[in-house]
Amino acid sequence: MDQQYFDRIYESTYLPLLRYAIVHLSDPTDAEDALQNVYLSFYRRIERYGHLDVLFPKAFLLKMLKREIIEQYAEREKHAVRPLEDVPQERLKDGDTYRIFVLYYGYELTISEVARELGMGAEAVKSRLFRGRNAIRQFLTAEDADSESGR
């Protein structure tokens, strides 16, 4: 097993693949889990068979990630208790807001790039960023007030 090969591939592909997973899965924690499953499978595969037949590792990993995402959605579907339309709309928006924050602040994408990645309008992205920042500000202000009153 060539540990240096794996480490080099991991470092060069982690961020773009995580970004892909975040865009395609509704929960960023699920995205991280999916990606780690892919890297574990890839590690085991190159440990068993080597890596000489993997000519384009990023494309190879992306294909593995797409399969993992499909499997996660299939698993969710099996365990679904209620249809999606029964889920409160504010819960669905929270997931989008989190993904917008990750893409905008974490990956430093522009508003138009975030909108394109998530398939929504730029105004919707701006609105969710605005509401998200206000919610964080209110939370931090309330937390500061609680800590000052507890002194």
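Could you tell me whether segment 72-85 includes any residue that is assigned by TED's automatic domain parsing to the domain that holds His24, part of a helix (DSSP H, G or I) and modelled with pLDDT of 80 or more? Yes: segment 72-85 contains one or more residues that are assigned by TED's automatic domain parsing to the domain that holds His24, part of a helix (DSSP H, G or I) and modelled with pLDDT of 80 or more.
With respect to the conditions (1) surrounded by 15 or more Cβ atoms within 10 Å (Cβ to Cβ); (2) within 17 Å of Lys66 (Cα to Cα); (3) not hydrophobic (A, V, I, L, M, F, W, C), His51 lacks only one, and its number is (2). Of the residues making up segment 103-135, just one is assigned to a loop (DSSP other than H, G, I, E, B) and either acidic (Asp, Glu) or in the same structural domain as Pro16 (by TED's automatic domain parsing) (or both), namely Glu108. Restricting attention to segment 4-50, which residues are of a type in the set (D, E, K, R) and in contact (Cβ under 8 Å) with a residue 60 or more places away in the chain? Listed by number, the residues that qualify are Arg19, Asp27.
Taken as a whole, the structure places Ile100 among residues that are at pLDDT below 90, assigned to a helix (DSSP H, G or I) and within 20 Å of Ala124 (Cα to Cα).
The values are calculated or read from the model by the stated rules, or taken from the named source; none is laboratory data. Keep in mind that this is a model prediction, so the values were computed, not measured. Cβ sites come from the backbone with ideal geometry, for glycine too, and all protein chains shown count toward neighbours.
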